[in-house]
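Single-structure report; data block below.
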Amino acid sequence: MGNHASSAVLPPSSHYQSRILPESFFTRYTQHSSDAYSSTSIVFRSSDEQYFSLRKKDIDAHAGALIPSTWNSRSLIAELPEASTTLRTLFAFIRAGNHPTLLNESFETLAEITKAAEKYKVFSAINICAERMRSFGDRHPKLVLLYAAHNDHHHIFDECAPRVITSEKLDSIVPLLPEHLRLPWLRYHARWSNALTNIISYSYSSDLSDAWKNTNCWESCGRLVFQVLEAGVHSLNDPSWIFADRTYTQTQIDGVGAFSETCLDCESAAEGQS
């Protein structure tokens, strides 16, 4: 295989989908805590005017922020902005009985349920939603990473970070991150850039420059390699395409480390918990 490109076809710029939902979908929202009310049940109305009744004791036991701050014991109905399809599934985690598995939900539907579970602090739904969102990390890494970032799911963020750093531009991801993660993300990008520099230095020695002085060699592989490397760390999205020594390449990538372990300082981590 040598030090030459193994194919004349340029790889796609990204293997992942990330624009099915608005990029602001998982930005931080304001949560409202509920007061103690004496009502035995509360009726909720969805955005599409469907009604749901929940016992207050079930709400108190399973949800930390479901009752709107504007609701009181004299209110007939509590208005919620979510659609009935989302609330029906979410409320199944609050009522007595078997909880939904969420195994067959589309990503868009799951994302809506997950956002509502985090927003209303439906404790029994948060963990299962997190695991289902995690399973979509290879197909929608940017959106899953943003969900993890705004809800402090560090292990999910760590899993999605390599996919996002090698497929998304800095200016398309940094503004969407919580403030305490923006500088660490730049540190993470720098670690990938350093790894790329090491891989290039190892893979393309000075001897190769002489070979590329030959017009045919330059046209057949040299120009293509340069075009890929112009993408910076994005060229590591599929490193086997241009780097022959896969063992060395993978060693350098592994050396970048997990985002939360190598790029988060104590102060940033503390801000994320506040």
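The values are calculated or read from the model by the stated rules, or taken from the named source; none is laboratory data. Just so you know, these numbers come straight off a predicted model, no measurement behind them. Please note: Cβ atoms are built from the backbone with ideal geometry, for glycine as well, and neighbour counts cover all protein chains shown. Side chains included, ligands, DNA and RNA excluded: accessible areas come from the protein's heavy atoms. Shrake-Rupley method; radii C 1.70, N 1.55, O 1.52, S 1.80 Å.
If the label point is 7 Å along Cα→Cβ of S53, which residues in region 72-94 have backbone nitrogen under 15 Å from it?
Inside the label zone: 76-78.
For the pair D60/S193, report the inter-label distance in nm, with labels modelled 7 Å from Cα in the Cβ direction.
Between D60 and S193, the label points sit 5.5 nm apart.
Estimate the FRET efficiency between E108 and R45 by the formula 1/(1 + (r/R0)^6), using the beta-carbon distance for r and 22 Å for R0, to the nearest 0.05.
Using R0 = 22 Å, I get an efficiency of 0.45.
Ranking request for peptides 242-253, 147-158: highest mean number of other beta-carbon atoms within 10 Å first, then the rest in descending order.
In descending order of packing, they fall as 147-158, 242-253.
What is the distance, in nm, between label points placed 7 Å from the Cα along the Cα-to-Cβ direction at D158 and at E230?
Spacing of the two 7 Å Cα→Cβ label points: 3.7 nm.
Taking a probe of 1.4 angstrom, what is the accessible area of V228 in Å², to the nearest 10?
Per-residue accessible area (V228): approximately 20 Å².
Hey, what's region 68-148 come to in accessible area per residue, 1.4 Å probe, Å²?
With all protein chains present, region 68-148 gives 44 Å² per residue.
Quick check: from the Cα gyration tensor, does region 86-190 come out rounded (a/c under 1.5), prolate or oblate?
prolate
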